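Remarks on the structure that follows.
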Amino acid sequence: MKIWLLLTMLAQAGNASDAELHKNAIVVDTHSDSTQRILEGRDYAKPQPDMNEDLPKMKAGGLDAQFFSIWIDPEKIKPAEWYKNSIAQFDAVHAMIDKNPRTIAWAKTAADVRKNAAAGVLSALFGVEGGHSLLPGSEGEQLAHLRTFFERGARYMTLTWNNSNPIGGASRDDGQIQGLTPFGRRVLDEMQRIGMMVDLSHVSDPLFWDAIRYVKKPVILSHSSSRQLANVPRNVTDAMLKAVAKNGGAVCVNYFPGFLDADYLAAIAPLMNSLDGLSFIEKERRIAAMGDKLPKVPLKKLIDHIDHMVKVAGVDHVCLGSDFDGVTTLPAGLEDASKMPVITAELKKRGYSDQDVVKILGENTLRVLAANEVHK
Ligand SMILES: [Zn+2]
């Protein structure tokens, strides 16, 4: 046999096993902003060319479970509507699930995700992005809102989005020097009592440290990358990664080029500033519309972040939190959810064992989810 033929066959065998590994793994993503488009009436069961994710893309990408983000744009929606609009978002995703019972099912527990995956059915879970969704209301009313979110499916709440709220400070506004408030402690108590993961993406550094010292269960960071590799406040430092490892939690890497490559963020900063006055979502739309004019960030950057996070925190504490449909662009080669197998292939190329790849793809998230569950 000619040597090139043998090499080709070996390479193909390698690819086949990567594909098999990806297919057999339970792949979980902790953060998708498709919710906003579903609320606008998009049919998630049909291919949506301008979206990063939809049910056909999930199927094609072997993405078994998605946390749908419930997110209120505080610049666009009046404070009086925040809680009400959050509920409308839950309703829209639930209606999508109900319309597609053969394809996707509501998962309330890690066991539900496993059961659905075994039956070849996708799983939908929920996360609330930002404690401002609990408003308006007294502290007691906000805690009641939290319990309703849990009943509607929320299995994590990100303590803040870019805006600070009564729980504590955010990483992207004046609250960056503010930590956990007394009310924030009540919220954490209630989340852990009912079985909702505490999500520390987006929060200020002081809030991160206050919360991780306060919690008794493993935390999640639903969509954050490494600050060592890309120095932006939304990312986590190595000290934070180590603290999450000690806590038993997991940090799910964000695929947004601006969080993977500080140069990319610097390149789009003047553009972002020129759009001052527009809502966050409108800014993102305008920038996304620039498409090919934006600098390209290679997939390698994303894998570098995973690699670094694994080196610092350990392979049991890293997971995937794409931010699909919440970002203006994605790394080249990972343009949408159907391309997820490239992550498995790249990790294998870097020498990761099958077992470690499976942990990063979903097992770590399922472990943290299960550890937060309260079974009466
Ligand atoms: Zn976010």
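Condition first: surrounded by fewer than 20 Cβ atoms within 10 Å (Cβ to Cβ), more than 30 Å from Ala288 (Cβ to Cβ) and not small (Gly, Ala, Ser). Now tell me which residues in region 218-246 satisfy that. Passing the criteria: Asp238, Lys242, Lys246. When Lys300 is tested against (1) closer than 24 Å to Thr237 by Cα; (2) crowded, with 18+ Cβ neighbours inside 10 Å; (3) among the charged types (D, E, K, R), just one condition goes unmet, and that condition is (2).
Within region 346-374, count every residue that is open to solvent by 30 Å² or more (accessible area, probe 1.4 Å) and either under 21 Å from Phe256 (Cα atoms) or not in a helix (DSSP H, G or I) (or both).
Number of matching residues: 6.
Say we look at region 212-257 and pick out the residues that are of a type outside the set (Gly, Ala, Ser) and in contact with a Phe, Trp or Tyr (Cβ under 7 Å, 6 or more places away or on another chain); which of these is farthest from the ligand (Cβ to nearest atom)? Step by step, filter region 212-257, then rank; the result is Met240.
Restricting attention to region 127-154 and to residues that are open to solvent by 10 Å² or more (accessible area, probe 1.4 Å) and hydroxyl-bearing (Ser, Thr, Tyr), the residue that is nearest to the ligand (Cβ to nearest atom) turns out to be Thr148. Of Asp43, Asp73, Asp50, all but one fail to be open to solvent by 50 Å² or more (accessible area, probe 1.4 Å), part of a loop (DSSP other than H, G, I, E, B) and under 18 Å from Asp91 (Cα atoms); the exception is Asp43.
Restricting region 292-338 to residues that are within 16 Å of the ligand (Cβ to nearest atom) and among the aliphatic types (A, V, I, L, M), the residue that is nearest to Arg227 (Cα to Cα) is Leu320. Among the residues of region 155-170, those identified as surrounded by 22 or more Cβ atoms within 10 Å (Cβ to Cβ) and either at pLDDT below 95 or away from the ligand (no atom under 15 Å from the Cβ) (or both) are Arg155, Ile167, Gly168, Gly169. Looking at Ile281, Ile287, just one residue is in contact (Cβ under 8 Å) with a residue 60 or more places away in the chain, within 16 Å of the ligand (Cβ to nearest atom) and in a helix (DSSP H, G or I), and that residue is Ile281.
Residues of region 53-70 that are basic (Lys, Arg) and either within 17 Å of Glu284 (Cα to Cα) or open to solvent by less than 50 Å² (accessible area, probe 1.4 Å) (or both): Lys57 alone.
The values are calculated or read from the model by the stated rules, or taken from the named source; none is laboratory data. Please read all numbers here as calculations on a predicted model, not as lab measurements. Every residue, glycine among them, receives a Cβ derived from its backbone with ideal geometry; neighbour counts consider all protein chains shown. All accessible areas refer to the heavy atoms of the entire protein, side chains included, with ligands and DNA or RNA removed. Shrake-Rupley method; radii C 1.70, N 1.55, O 1.52, S 1.80 Å.
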